[in-house]
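Okay, so here's the structure we're looking at.
The values are calculated or read from the model by the stated rules, or taken from the named source; none is laboratory data. The structure displayed is predicted, hence computed values, not measured ones. Positions of Cβ are backbone-derived with ideal geometry, glycine not excepted, and every protein chain shown enters the neighbour counts.
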Amino acid sequence: NPSHFKGDSLPVETVYWDDCHDFIQKLNNKTGKSFRLPTEAEWEFAARGGNKSRHTQYSGSDNIDEVAWYDENSEYRTHPVKTKKGNELGIHDMSGNVYEWCEDRFRKYNGEAQTNPTGPMSGNLRVGRGGCWGSPAKSCRVPLRTAMPPISHGLSYEAFGLRLALSE
């Protein structure tokens, strides 16, 4: 567990994108399943509540304090998972607590409506979504995204974790 913050039921953080893939490979070998990082489009669909979406600003509410640990309530540390309200699908912590890596490479959106977009085939930056314990409220909104290099270049990754998707 590479986490900076220690304790029961805390999300794992201080995770580099490349480390996610090493972990996923080991997990898949051990379980015989096909876990992976979600695409950015999959992450956003889940965060919005899927087909049950109420179109809230944050994942599950327009009131950030109901669903997220962020700079104004976190005391600048992570908190145990599932201590805030889940979204319409019962998924917790998609706004705040830790940023979550996505599989896609980062590119700027062109402003046109898209269905299930994918990132570019090349590029140095990866996508992180959801905001974290140190983010202002606006950075925890579902549509917000961040671009980060997949490995450390002197940057702190204490805010980055992962959420798995399962391919069947």
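Summary of computed values
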{"quantity": "Residue check for Tyr76: aromatic (Phe, Trp, Tyr), under 15 Å from the mean Cα position of the chain (by Cα) and under 22 Å from Trp133 (Cβ atoms)", "calculated": "no"}
{"quantity": "Identity of the residue in the range 97-112, hydrophobic (A, V, I, L, M, F, W, C) and closer than 21 Å to Phe23 by Cα, that ends up surrounded by the most Cβ atoms within 10 Å (Cβ to Cβ)", "calculated": "Val98"}
{"quantity": "Wholly within the range 1-75, helices (runs of 4 or more DSSP H) carrying at least 1 residues that are modelled with pLDDT of 95 or more and surrounded by 19 or more Cβ atoms within 10 Å (Cβ to Cβ)", "calculated": "40-47, 64-67"}
{"quantity": "Unique residue being under 25 Å from Glu158 (Cβ atoms) and of a type in the set (Gly, Ala, Ser) when the list is Ser95, Ser61, Ser34", "calculated": "Ser95"}
{"quantity": "Within the range 49-79, considering residues that are among the charged types (D, E, K, R) and out of contact with any Asp or Glu (no Cβ under 7 Å at 6 or more places or on another chain), the one farthest from Leu10 (Cα to Cα)", "calculated": "Asp62"}
